[in-house]
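First up is the structure itself, then whatever we jot down about it.
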Amino acid sequence: MKKKKNKGFSVIEIVLVLGVIGILSSFIAPKVRDYLALAKDSKAINTLQSLRMANETYYLENGNYPSSKDNNMSEILKELEKYIGIKVNTDTTELFLDIGGSKSEGKEQQINYGGKIKVVLDNEKGFKLNHEHDEKILPFNMRGDKWSEL
């Protein structure tokens with residue numbers, strides 16, 4: 001009589017494979033989180049650059065920069081809407097951009113993931129980012145650039 005051979009995997013084989021997958025994912029997950037944070041930071045910086053370009057285009061066509069009382073972002077964005085190229089939500093007087101993370105300076109860098117950074121209008125530089133509204137947002141982005149100098 002022929003002995004039937006069991007088909008399939010043993011419990012030990014399955015546990016070993018799951019262990020290897022777990023170990024590999026523990027190395028990969030932090031890198032994926034960092035890359036996602038870098039992507040969000042890049043999006044915020046690109047949005048800032050788009051606002052600056054729209055501001056300059058407005059100046060070239062009108063001879064002055066858009067302004068409002070108390071730097072009301074809603075009014076300024078309404079004036080820049082045609083230059084930005086998209087319909088902007090103007091329900092608020094302040095503008096915040098999502099960021100992937102921020103970090104402190106020094107050898108022992110603290111990293112905070114997520115958050116929102118405020119866009120302010122500076123008379124000299126035009127639009128710039130201000131992290132000081134939230135203590136969780138640290139002075140540098142994930143690439144190491146200072147938020148206020150972008």
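The values are calculated or read from the model by the stated rules, or taken from the named source; none is laboratory data. Owing to the predicted nature of the structure, the values given are computational and were not obtained by experimental measurement. Methodologically, a virtual Cβ is constructed for each residue, glycine included, from the backbone with ideal geometry; neighbour enumeration extends over all protein chains shown.
Tabulated results
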quantity	calculated
Some residue of region 91-101 being within 22 Å of the chain's Cα centre (by Cα), free of Cβ contacts under 8 Å to residues at least 60 places away in the same chain, exposed (fewer than 15 other Cβ atoms within 10 Å of the Cβ) and closer than 28 Å to Arg33 by Cα	yes
Flag if Leu97 is part of a strand (DSSP E or B) and either closer than 14 Å to Leu48 by Cα or modelled with pLDDT of 90 or more (or both)	yes
Residue selected from region 101-150 under the condition touching a strand residue (DSSP E or B) at 6+ places or on another chain (Cβ under 8 Å) and of a type in the set (Gly, Ala, Ser), by the criterion farthest from Leu77 (Cα to Cα)	Ser104
Considering residues of region 9-39 that are over 22 Å from Asn112 (Cβ atoms) and of a type in the set (Phe, Trp, Tyr) only, the residue surrounded by the most Cβ atoms within 10 Å (Cβ to Cβ)	Phe9
Filter result (closer than 30 Å to Asp122 by Cβ and of a type in the set (Phe, Trp, Tyr)) within region 1-60	Tyr58, Tyr59
Test: residue in region 121-133 that is loosely packed, with under 14 Cβ neighbours inside 10 Å and either hydroxyl-bearing (Ser, Thr, Tyr) or on the phi > 0 side of the Ramachandran plot (or both)	no
